1. Using a Förster distance of 41 Å, how high is the FRET efficiency between Ala189 and Ala479, based on the Cβ-Cβ distance and rounded to 0.05?
2. If I take R0 = 22 Å and measure r between the Cβ atoms of Phe228 and His122 in this structure, what FRET efficiency does the formula 1/(1 + (r/R0)^6) give, to the nearest 0.05?
3. Residues of the range 440-459 with the amide nitrogen closer than 20 Å to a label point 7 Å from the Cα of Ala376, along Cα-to-Cβ, please.
4. Magnitude of the Cβ-charge dipole of the range 31-121, K/R +1 and D/E -1, about the Cα centre, nearest 20 debye?
5. Calculate, for the range 31-121, the solvent-accessible area per residue in square angstrom, rolling a 1.4 angstrom probe over the heavy atoms of the protein chains.
6. Once you place label points 7 Å from the Cα toward the Cβ at Leu333 and Tyr456, how far apart are they in nm?
7. What is the gain in length, in nm to one decimal, between Thr86 and Ala290 on full extension, counting 0.36 nm per residue of separation less the C-alpha to C-alpha distance?
8. Using the Cα centre of the chain as the reference point, and only Cβ charges (+1 on K/R, -1 on D/E), how large is the resulting charge dipole? Debye, rounded to the nearest 20.
Amino acid sequence: MQPRVTDETQAPDDAQPAPSAIWGGRFASGPSAVMEAINASIGFDKRLYRQDIAGSRAHAAMLVAVGLLTEADGQAIDQGLARILTEIDSGVFPFSTRLEDIHMNVETRLKDLIGEAAGRLHTARSRNDQVATDFRLWIRDAIDFVDGALATLQHTLIDRAEEYAATVMPGFTHLQTAQPVTLGHHLLAYVEMLGRDRGRFADARARLNECPLGSAALAGTGFPIDRFMTAQALGFDRPCANSLDGVSDRDFALEYLAAASVCAIHLSRLAEELVVWTSAQFAFVRLPDAYSTGSSIMPQKRNPDAAELVRAKAGRVIGALNSLLVVMKGLPLAYSKDMQDDKEPVFEATDTLELCLAAMTGMIAHMTADPVRLRAAAGQGFTTATDLADWLVRRLGTPFRDAHAVAGRLVRLAETRGVGLEELSLAEMQTIEPRLTEEAAAVLSVDASVQARTSYGGTAPERVRAACQAARERFARPAP
């Protein structure tokens, strides 16, 4: 995505002008220390610096084009902003909490570099439309990054699904063994989930791609600006159609967090499976040392902590969504200072989701399955009883409800004798249904069960391999 700005270079307070130099003409005195502390957002919104500078450069170019800024001033502003970008990238920019936010920090530094021409940059805009534009650009970049990370995880899952296309394992409902499936089929289920996640992010991106710049504080501006020019320069599809909505809308952030929350839930479900599968009681898969930890007291322990933390961190992403929903629920139009608290939840959710995607991709790429253990578990719990009922329907024309009852009685018989269905003799089976044959007995193996599931989307190995190929095509990686 973009470099994370986390280290604050704090200049001495007396080296920076007080906020009253920027907005304080109406006030007889400056803000209290408490007001400065609660009002400042530079500690987190400096992460918007790339987007803020890009928006300012586009705005300045538009002001030149419509005659509101001279070519000389426009060039000075553009060069000054380019230098500020380099300073922030290199970690030498003097961020100051007394300048409140990223916008004022950049503008003040620009004035240091080019003089009074910097003051003309804010013509026909407000911090209200400026931050709304910055935030949309940031979330758009975040979506693009997450989409790439999701695609990488999808293709990692597809690779492993192809590898385990014929590896039989138990399928579960209610966490009870149900029917045999293949591990490849199971992994492809998550490919589909992540594909829907990508679709939700793409939908959110399409809706957010309108430019608030030029909405000014709330009412638009009397200057002859060209909002379509700045929208195009910043890669938006169009300007926001209503200036009030342009500065006060945060639907795009809520939609992004909603998509992130669903995605985090999907990762959490997969993480839960890994936690269960790596337990000694299941022992279906083994995670590498790089994604496991030990115990400070029990030498034998091998804990799937990476998976457990992915499972836990879904709560942080969901919490971010809830936080912003509560912030926005009672706000009238247009901008209110409450909306300064929109960014931290988005930033935290993004960092969390990116980390979870990276961890899950690593675990899936390097996990090792135990085919023998999986196959043995697939046969426990009479998992092929449905195959027997299906045979009665298919070969003898028995109504399914009657066939279901016959299979159930056979399960009870096997259970009382302490054996599996496939271990009953034909003579024993015929005490329940005399028409059963050796052919019926043959359907009771787990291999026969999965091979029979050839319907579209089924678990038969041939279907899984075909589904892998189709998934590679459907879920193409985004262009770099």
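1. Given R0 = 41 Å and the Cβ-Cβ separation, E is 0.90.
2. Efficiency for this residue pair is about 0.60.
3. Answer for this model: 445-448.
4. Magnitude of the dipole: close to 140 debye.
5. 40 Å²
6. 4.6 nm
7. Going from the current span to full extension adds 69.8 nm.
8. 860 debye
The values are calculated or read from the model by the stated rules, or taken from the named source; none is laboratory data. Please read these numbers as outputs of a predicted model, since none were measured by experiment. Note that we place each Cβ from the backbone using ideal geometry, even for glycine, and neighbour counts take in every protein chain shown. Side chains are part of the model used for accessible areas, which takes the heavy atoms of the whole protein and leaves out ligands, DNA and RNA. Shrake-Rupley method; radii C 1.70, N 1.55, O 1.52, S 1.80 Å.
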